[in-house]
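The values are calculated or read from the model by the stated rules, or taken from the named source; none is laboratory data. These numbers were taken from a predicted model, which means no experiment stands behind them. Don't worry about glycine lacking a Cβ; one is built from the backbone with ideal geometry, like all the others, and counts go over all protein chains shown. We work out accessible area using only protein heavy atoms, side chains counted, and drop any ligands, DNA or RNA first. Shrake-Rupley method; radii C 1.70, N 1.55, O 1.52, S 1.80 Å.
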Amino acid sequence: MAKMTTAQALVKFLDNQYVSFDGEETKFVEGIFTVFGHGIVCGLGQALDENPGGLKVFQGKNEQGMAHAAASFAKQHNRRKIIACSSSIGPGAANMITAAATATVNNIPLLLFPADTFSTRQPDPVLQQFEQPSSLSITTNDAYKPVCRYWDRIARPEHLMSAMLNAMRALTDTANAGAVCISLCQDVEGESYDYPEDFFKKRVHKITRIVPSLDEISDIAEIISVAKNPLLIAGGGVRYSEAGKTVEEFCEEFNIPFAETQSGKSAVLSSHPLNLGGVGVTGNLAANTIAKDADVVIGVGTRFSDFTTASKSLFRHDGVKFVTINTDRFDACKLDATKCVADAKLALSALGAVLEAKAYKTGYADEIKNAKAAWNDEMKRLADYSYDENFEPLIKARDEKTIPEFIEMYGSTLTQTQVLAYIRKHIADDAIAVAAAGSLPGCMQRMWTTDERYTYNMEYGYSCMGYEIAGALGSKLAAPDREVYAFCGDGSYLMLHSELVTSLQEGAKINVLLFDNSGFGCINNLEMSNGIGNLATEFRHRDENGQLLGSLMNIDFAACAAGYGCKTYKVRSLDDLKFALEDAKKQTVSTLLDIKVLPKTMTDGYGAWWHVGIASTSAKESVRNAYKSKEENLSKARKY
């Protein structure tokens, strides 16, 4: 037996956890992110100060931000390594809930240790305690329950043992990885207990591949074998199975085109002749054209979100059938699919053998080549898209005064699509791109090419604004020898950029590509295209009528980041951009490129529809027309 505090036991346990995948063993817990407060510093803080073992302590600046960084770190390691996060009681704990939800939606392991109230209740209400009159056992940390894969509260030292073994189970679950919350009563953190020595032994948690059922493989093969125009959709499960090459070889053998979800992008290579690129609402012309006529859709490691299916309206072949390969039975059953609950790599190998025995080939002739050629032409147009006397924004719904006012303020006529194309051309192929929300995910799923695996880190399962910069830090900590770029809108930057300071503190250089279009441009497009006015989505002062329709705000983001210690650049032209990108490569500190891009110059459309709630009754004709259009599209979509 070893007598120690609960917190000391926790640290020692974490330091001895390992994972094994395909025979490769790695240490699982790299360290702990923390923002110390009174609820955690005297317990867990004391343990880390006295004997952290091999764990590295990282100082976060915002609890949500550090947890996003930890999730991105785990994603960049394909879920084989994590950084745990600890916070104080109350507001510190509540700050991590958004990150917990983000991790769980994306099936990313995230281990959280929020401090809690006193188990004894002796000092209640302790500082920052939330009291619920109906039950004194309820605390802020109960709010984690809906967004975590596993939740537990350490109210006695003995609880730690079963709680942490279950935490490791959930964190290494291939089907249902996500956030784990272990709530630490602050008095119990410092209580001592005689822990059995074998609790601290080295544990190797094997992340095993789920072997496919031959019956399920047979069912899927029977459907595919009569398909003339199938389409495979590669999701995040392809990445975490490390099955990208398997997907490519499978599709080559049977001449099956494939498309990518946001999570699947960079698991497969963009240059592959059968890769159509992004599919769905943020998809491109090639993928959506082929998807429209596909008679069988093969979903591999995808949960078929509304963006992937265009709110179930994308696949329009009269007799279209769906087959799925997924480690999660819940996702495998989506769209009433014929399922195979299995690892992507193993299932595709088994499926390929059956289809080969049937001498199967698709009926495609020139459709794939023609669809890709049409998209390549559109990509060239988007890359060359620039401002001149005949300029017409890509997004038609707009306030007529915004663009000229923007040009007068900043002197920039850069468009978002030409800037993205230029950046892709001038940064390294193995650079890691991190993004999350706004219009950039749409432009990047369409335009960003990835011919180095696992170089695209898009958080789009939760579309969480504020992930971008923290996520870039996490990716950099996971891949210190690679350049990492955070693609961030001005709205997301203002929402959460605190871990930019942590990147400077750690000497973990990231590059922030800040696309400033004076507001929440994506949602401005959405409201105006559905008949709503320009309401609180552009960054404007109040006008003489008290409305937020006055002049645009002039924000110098470069000056902000320079104050932190970043190397910064003001980008108003392609020459500015060229210099900034090249000079940023030479820097050893984090950089920020303040890029002023014209509003309404992001990509849009390509044959997909997105279902949003629109007012069914309105005095405005524009809203009534938008509702009518919604009803027409909804009538064409699948019902379940």
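Here are the numbers for this structure:
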{"quantity": "Pairwise FRET efficiency - Lys586 versus Asp384, Cβ, R0 = 41 Å, nearest 0.05", "calculated": "0.90"}
{"quantity": "Cα-based reach from Lys358 at 24 Å (exclusive), listing lysines while leaving out same-chain residues under 8 positions away", "calculated": "Lys228, Lys245, Lys321, Lys339, Lys345"}
{"quantity": "Listed residue (Ile532, Leu335, Gly264) projecting farthest to the positive dipole end of the chain, Cβ model", "calculated": "Leu335"}
{"quantity": "Inter-site label distance for Ser162 and Tyr640 at 7 Å from Cα along Cβ, in nm", "calculated": "3.8"}
{"quantity": "Nearest-0.05 FRET efficiency for Glu632 and Leu548, computed from C-beta distance (R0 35 Å)", "calculated": "0.60"}
{"quantity": "Where Arg316, Arg209 fall by accessible area, highest first, once all protein chains stay in place (1.4 Å)", "calculated": "Arg316, Arg209"}
{"quantity": "Accessible area per residue in Å² at 1.4 Å probe, computed on segment 465-572", "calculated": "36"}
{"quantity": "Between segment 42-99 and segment 1-26, the alpha-carbon center distance in angstrom", "calculated": "16"}
{"quantity": "Accessible heavy-atom area order of Ser134, Ser313, Ser305, highest first, probe of 1.4 Å", "calculated": "Ser134, Ser305, Ser313"}
{"quantity": "Apportionment of accessible area to carbon and sulfur, segment 53-117, percent (1.4 Å)", "calculated": "48"}
{"quantity": "Additional length obtainable on full extension of the chain from Asp481 to Ser622, 0.36 nm per residue less Cα span", "calculated": "45.6 nm"}
{"quantity": "Segment 105-177 and segment 251-267: distance between their alpha carbon centers, rounded to Å", "calculated": "39"}
{"quantity": "Probe 1.4 Å, protein heavy atoms only - accessible area per residue of segment 1-143 in square angstrom", "calculated": "35"}
{"quantity": "Gain upon complete extension [Lys3, Ala536; 0.36 nm per residue less C-alpha separation]", "calculated": "186.1 nm"}
{"quantity": "Carbon and sulfur %, accessible surface of segment 521-597 computed with the full protein complex present, 1.4 Å", "calculated": "54"}
{"quantity": "Accessible area in square angstrom per residue, segment 305-436, 1.4 angstrom probe", "calculated": "46"}
{"quantity": "Solvent-accessible area, 1.4 Å probe, carbon plus sulfur percent, for segment 184-300", "calculated": "50"}
{"quantity": "Selection of GluC sites (Glu not before Pro), segment 44-131, meeting DSSP coil and at most 15 other Cβ within 10 Å", "calculated": "Glu131"}
{"quantity": "Candidate residues Arg542, Arg638, Arg169, Arg203: accessible-area rank, largest first, probe 1.4 Å", "calculated": "Arg542, Arg169, Arg638, Arg203"}
{"quantity": "Cα-centred dipole magnitude for the chain, charges only on beta-carbon of K, R (+1) and D, E (-1), debye, nearest 20", "calculated": "660"}
{"quantity": "Whether segment 24-104 is rounded, prolate or oblate, judged on the alpha carbon gyration tensor where a/c under 1.5 counts as rounded", "calculated": "oblate"}
{"quantity": "Top positive-direction residue, dipole computed over the chain with Cβ charges, set Asn106, Ala374, Gly438", "calculated": "Ala374"}
{"quantity": "Segment 99-190, relative contact order [Cα under 8 Å, separation at least 6], %", "calculated": "47"}
{"quantity": "In segment 573-632, lysine pairs with alpha-carbon atoms under 20 angstrom apart (chain gap of 8 or more, or interchain)", "calculated": "4"}
{"quantity": "Cα gyration tensor shape for the chain, rounded if a/c is under 1.5, else prolate or oblate", "calculated": "oblate"}
{"quantity": "222 nm mean residue ellipticity, helices alone, for the chain (DSSP H n ≥ 4; -39,500 (n - 2.57); rounded to 500)", "calculated": "-10500 deg cm²/dmol"}
{"quantity": "Tensor-based shape of segment 1-43 (alpha-carbon gyration tensor, a/c under 1.5 rounded, otherwise prolate or oblate)", "calculated": "oblate"}
{"quantity": "Antiparallel DSSP beta bridges within the chain, as percent of all bridges there, nearest 5", "calculated": "10"}
